[in-house]
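*Asks:* Shown below is the structure under consideration.
Here, each number is a calculation from the coordinates, and none is a lab measurement. Note that the structure is predicted; figures quoted are calculated from it, not measured. Positions of Cβ are generated from backbone atoms using ideal geometry, with glycine treated the same way; all protein chains shown enter the neighbour counts.
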Amino acid sequence: MLDRHYRISISTPTGWLISSNGRLALFFFRDPKSLKRLPRVLTQLWYADNGMPTRLKNIRRLDLSSAIDAWNDLLSNGWIIVDYHKEEVS
């Protein structure tokens, strides 16, 4: 009997989150240099003015599990998903 391993596809957190006070924004996106079988996520933390990102504070690289945890933790703590393009803020 052969052991069969099945790979479960986990969605990569992607997009913008804004803090509840509108002073910070966090952009999640898949690291284009990471391997498909071992995806990594880049985050860009921005200072924001009334929810609009204005100045980059830092960039971090996370493994997929840490990125998912961070995304979910932020949403649990009142951060809001917003829909605008990175080009609109840089």
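*Asks:* Which ³J(HN,Hα) values in Hz, rounded to whole numbers, follow from the phi angles of region 58-71 under the Karplus curve 6.51 cos²θ - 1.76 cosθ + 1.60, where θ = phi - 60° and Gly and Pro get x?
*Replies:* After applying 6.51 cos²θ - 1.76 cosθ + 1.60, I find 7, 10, 9, 10, 10, 6, 4, 4, 5, 5, 5, 4, 4, 4 Hz.
*Asks:* Sort VAL82, VAL41 by Cβ crowding within 10 Å, fewest neighbours at the top.
*Replies:* Lowest to highest Cβ neighbour count: VAL82, VAL41.
*Asks:* Cut-off is 10 Å between beta-carbons; in what order do LYS57, LYS33 appear when sorted fewest neighbours first?
*Replies:* Going from sparsest to densest Cβ surroundings: LYS33, LYS57.
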